[in-house]
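Asker: I have a structure I would like to understand better, so I am pasting it below and will then ask my questions one at a time.
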Amino acid sequence: MDERRTVKVSKYLSKHLRHQPERIGLTLDRNGWVAVDELLAAAARNGFALSRAELDHAVAVNDKRRFAVEKGVDGDRIRANQGHTIAVELDLPPVEPPAYLYHGTVAPALEAIRAEGLRPMARHHVHLSSDRETAIRVGARRGRPLVLAVDAAAMHRAGHVFRVSANGVWLADAVPPEFLRLRD
């Protein structure tokens, strides 16, 4: 499959597994899962014919590992690993974080972040990275990136809960400003 088609499939999956499943007639279970066969049928009904091979390829090569496919006795199912704006419960256990985590942003957002900290906005959690390079890539999607270091160890000691998704994205309900500092 060519790269443009792979990107198009990935964006289609993100839109319908994270944000708007109802637009193509899907109903996700409480944990965000849907049968692969249901997804393929719904995509076809809505003018986006997609083969199982294309879906598997898009899931396998996604550099951010956005999706998980689970084999089951009733057939395979798929879900987005995180980033939902719809109500789902990923059932991720609390985990002790590393000493520092990172968040990529841009200069226009910095004043609000300094005042209010990091908030999930339309999503369920704030997304954090375990390395600066990933945070730089995330911030670069919206302009010249800035990296914020999160004192995750201090947050954890203060009672904040961290979870980590299947693709290694660290999740927190929010990050208060006192746990943030701008990294050079």
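Asker: Taking into account only those residues within the stretch 67-84 that are part of a strand (DSSP E or B) and touching a residue at least 40 places away in the same chain (Cβ under 8 Å), which is surrounded by the most Cβ atoms within 10 Å (Cβ to Cβ)?
Answerer: Let us first name the residues in the stretch 67-84 that are part of a strand (DSSP E or B), namely 67-70, 77-80.
Filter again for touching a residue at least 40 places away in the same chain (Cβ under 8 Å), leaving 67-68, 77-80.
Working: Phe67: 21, Ala68: 16, Arg77: 21, Ile78: 22, Arg79: 23, Ala80: 26.
Top of the filtered list is Ala80.
Asker: State the number of residues belonging to the stretch 95-127 that are touching a strand residue (DSSP E or B) at 6+ places or on another chain (Cβ under 9 Å), outside any loop (DSSP other than H, G, I, E, B) and not aromatic (Phe, Trp, Tyr).
Answerer: Residues in the stretch 95-127 being touching a strand residue (DSSP E or B) at 6+ places or on another chain (Cβ under 9 Å), outside any loop (DSSP other than H, G, I, E, B) and not aromatic (Phe, Trp, Tyr): 13 in total.
Asker: Tally the residues that are among the β-branched types (Val, Ile, Thr) and at pLDDT 95 or above, restricting the search to the stretch 7-21. Quick ask: steps written out before the conclusion?
Answerer: Residues of the stretch 7-21 among the β-branched types (Val, Ile, Thr): 7, 9.
Okay, now just the ones that are also at pLDDT 95 or above, so 9.
Qualifying residue count for the region: 1.
Asker: Can I ask one more? Could you grab me the full set of residues in the stretch 149-171 that are of a type outside the set (Phe, Trp, Tyr) and touching a helix residue (DSSP H, G or I) at 6+ places or on another chain (Cβ under 7 Å)? Step through it out loud before you land on a result.
Answerer: Taking the stretch 149-171 first, the residues of a type outside the set (Phe, Trp, Tyr) are 149-161, 163-169, 171.
Passing the criteria: Val150, Asp151, Ala154, Met155.
Asker: For residues that are surrounded by 11 or more Cβ atoms within 10 Å (Cβ to Cβ) and part of a loop (DSSP other than H, G, I, E, B), tally how many sit in the stretch 44-66. Spell out how you get there, then give the answer.
Answerer: Going through the stretch 44-66, the residues surrounded by 11 or more Cβ atoms within 10 Å (Cβ to Cβ) turn out to be 44-46, 48, 50-52, 54-62, 64-66.
Adding the requirement that they be part of a loop (DSSP other than H, G, I, E, B) leaves 46, 48, 50-51, 62, 64-66.
Going through the stretch 44-66 one residue at a time, the tally reaches 8.
The values are calculated or read from the model by the stated rules, or taken from the named source; none is laboratory data. Being a predicted model, the structure only gives us computed values, none of them experimental. No Cβ is skipped: glycine too gets one built from the backbone with ideal geometry, and neighbour counts run over all protein chains shown.
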